[in-house]
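The values are calculated or read from the model by the stated rules, or taken from the named source; none is laboratory data. From a predicted model like this one, the values you see are computed outputs, not experimental measurements. Note that we place each Cβ from the backbone using ideal geometry, even for glycine, and neighbour counts take in every protein chain shown. In case anyone asks, the SASA skips ligands and DNA or RNA and just uses the protein heavy atoms, side chains included. Shrake-Rupley method; radii C 1.70, N 1.55, O 1.52, S 1.80 Å.
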Amino acid sequence: MNQIIYFPTLYPGEDFRSIVFRYHTRSGNSLTETSEDLFGMLYYEFPHIPRNMNYFISVLPSTFGYTASYFLENHTFFPFFKAFTSSEKVDDYFDDILTACHKGSKRGGNIAIIRKNPILSEKIRYCPDCLTEDYEVNGECYVHLKHQLTFLDFCPNHFIRLIDRCPVCGDIFSQLNMRSTTFCSKGHSLIKNRLSLKNDLKLKVYNDITFIKNSSMNITITPQYIINKLIIVLGNKNYINYGGVIQKKIVVNDLFSFFTEVEMNKFGYFIKQMKKKKIEQVLTVIHVENNPIFYILLIRFLCESINKFLEYNEPFVNNLPFGYGPWKCINKICSRYNKYVINRCKTTLVKRSTRFKGTFKCPYCELIYIQYINTKNNKNKAYVKVENHGQQWIDKAFKLFVNGKSVSYIQRTMGSDKEKIRSYLKEEILKICSVQIDWRKLNNFSEIPQKYQILIERVLATHIKVDCTSDEKNLETFKKEKLEEK
């Protein structure tokens, strides 16, 4: 290990590859010699995130005083990628970045390339106006980090379209063909054909990336942290149903509607590609790791910016489907009608469905009613169905019927359907006598044979205990009572 005598001055926001390239061109070394001198290992091109940084720091001139962390934080997008990588992987990557101790998938540089949609451009890109300013101020040009984001095709400072090749001869810029002047390798000017370009959403996403890059080394941001906080926000914005299920399809559709499909396409996300399987992967650690830009857009949709998202501290409690009570009685003849007197609700999830069933019983009239609510759409109103009107309601309906009121009248005045009323009447009448009639058509008390009418009226008037197994016995009891009265 030989300490190098000279190393170029670092420029603000300079890409690490540019720093190494400037040393390489000034040293007169071959690529092999430069990579061996700086990293103690062979590189075929200069990486955005290097390996063996401890070696690199050790060979720099002693007057530099920089650390590996300084280079990573200020001259790479490592802090940004770190925020979207699980803690376990970050530890492995960081170890390899420092000591080149891993092989294969654990290599440090992989933290920048494992994404579904590439974050960094494959080609080196420049802003013509930045080239001009850098050359005027520093006497040389360099690669700016901010110009290397794939989705950002304009300079966020000058709003000029970025170039990745000479506009005259097509000479492509790369890790081994970076520009130190405002001319390409063949002498053509790179600053003449300037094109204005600006996209507000891309600029906002760039600002969010910059914020994360500048913050993630000082505050804990991980995929799981992002997921946990997003769940709180989604819950408070009604994207989580009563069963605690995140309505991912609705979230994705709303996201694409909010930014429009055209804007989402510019970041490499297409609604047609978000099939059921992919939507199910949303809000999983692996999906966050693979799609940082998607989650920046999602956060911006929900919270307007990364900064507001990180500051978001509203608690979320998943409400019960039917609330916390008390609930009102809906029995019109109950003394507590429309009063909130029911203190208990039995809630169950209907099998093989997304509906919840709530069962309510009034402690005064014993009416039991049920409600259903669909968890697929929290905005759906629960609909009500009476399961049992309670004995108080049944007794009144029965008395009205015996006193000559029709089933139709009872339906209108007491608020039930004819089928239910006939069912109650049948049950009450059969407790007294086993009369055989067409219950489905019963509408008036006069339709019942007269001998049974007499028995029913007597039972209703005197509350005689009857033997529902013997009509003859009941009639005999009635006759005896008549004789006693005479």
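Key figures for this structure:
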read-out	value
Among the residues listed as L131, L201, the single one being of a type in the set (A, V, I, L, M, F, W, C) and within 24 Å of E304 (Cβ to Cβ)	L201
Inter-residue pairs, beta-carbon under 9 Å, first in contact (Cβ under 8 Å) with a residue 12 or more places away in the chain and among the acidic types (D, E) and in region 1-16, second open to solvent by 10 Å² or more (accessible area, probe 1.4 Å) and part of a strand (DSSP E or B), 6+ apart	E14/H144; D15/H144
Selection count where residues are open to solvent by less than 30 Å² (accessible area, probe 1.4 Å) and in a helix (DSSP H, G or I), scope region 281-291	3
Residue in region 11-32 that is at pLDDT 95 or above, surrounded by 18 or more Cβ atoms within 10 Å (Cβ to Cβ) and small (G, A, S) present	yes
Residues (surrounded by fewer than 16 Cβ atoms within 10 Å (Cβ to Cβ) and within 10 Å of the chain's Cα centre (by Cα)) located in region 239-249	V245, K249
Positions within region 51-75 being under 41 Å from the mean Cα position of the chain (by Cα) and aliphatic (A, V, I, L, M), in sequence order	M53, A68, L72
Out of F294, F267, F309, F258, sole residue that is surrounded by fewer than 16 Cβ atoms within 10 Å (Cβ to Cβ) and aromatic (F, W, Y)	F258
Count of residues meeting criterion [touching a residue at least 60 places away in the same chain (Cβ under 8 Å), farther than 14 Å from T182 by Cβ and surrounded by fewer than 16 Cβ atoms within 10 Å (Cβ to Cβ)] in region 117-156	1
Residue match in region 321-331 (condition: out of contact with any Phe, Trp or Tyr (no Cβ under 7 Å at 6 or more places or on another chain) and either charged (D, E, K, R) or under 30 Å from N218 (Cα atoms) (or both))	no
Filtered residue count, region 435-445, keeping only those that are in contact (Cβ under 8 Å) with a residue 12 or more places away in the chain and loosely packed, with under 13 Cβ neighbours inside 10 Å	1
Those residues of region 115-144 which are at pLDDT 95 or above, among the polar types (S, T, N, Q) and farther than 11 Å from L190 by Cβ, in sequence order	N138
Filtered residues of region 143-190 (kept if touching a Leu at 6+ places or on another chain (Cβ under 8 Å) and of a type in the set (D, E))	D153
Given (1) part of a helix (DSSP H, G or I); (2) over 24 Å from E140 (Cα atoms); (3) open to solvent by 10 Å² or more (accessible area, probe 1.4 Å); (4) in contact with a Ser or Thr (Cβ under 8 Å, 6 or more places away or on another chain), index of the condition L42 fails	(1)
Failed condition for I49, given (1) β-branched (V, I, T); (2) open to solvent by 70 Å² or more (accessible area, probe 1.4 Å); (3) touching a residue at least 40 places away in the same chain (Cβ under 8 Å)	(2)
First in region 157-183 and on the phi > 0 side of the Ramachandran plot, second anywhere and open to solvent by 50 Å² or more (accessible area, probe 1.4 Å), Cβ under 9 Å, 6 or more apart	F159/S196; F159/K198
Check on N199, closer than 24 Å to T284 by Cα and crowded, with 16+ Cβ neighbours inside 10 Å	no
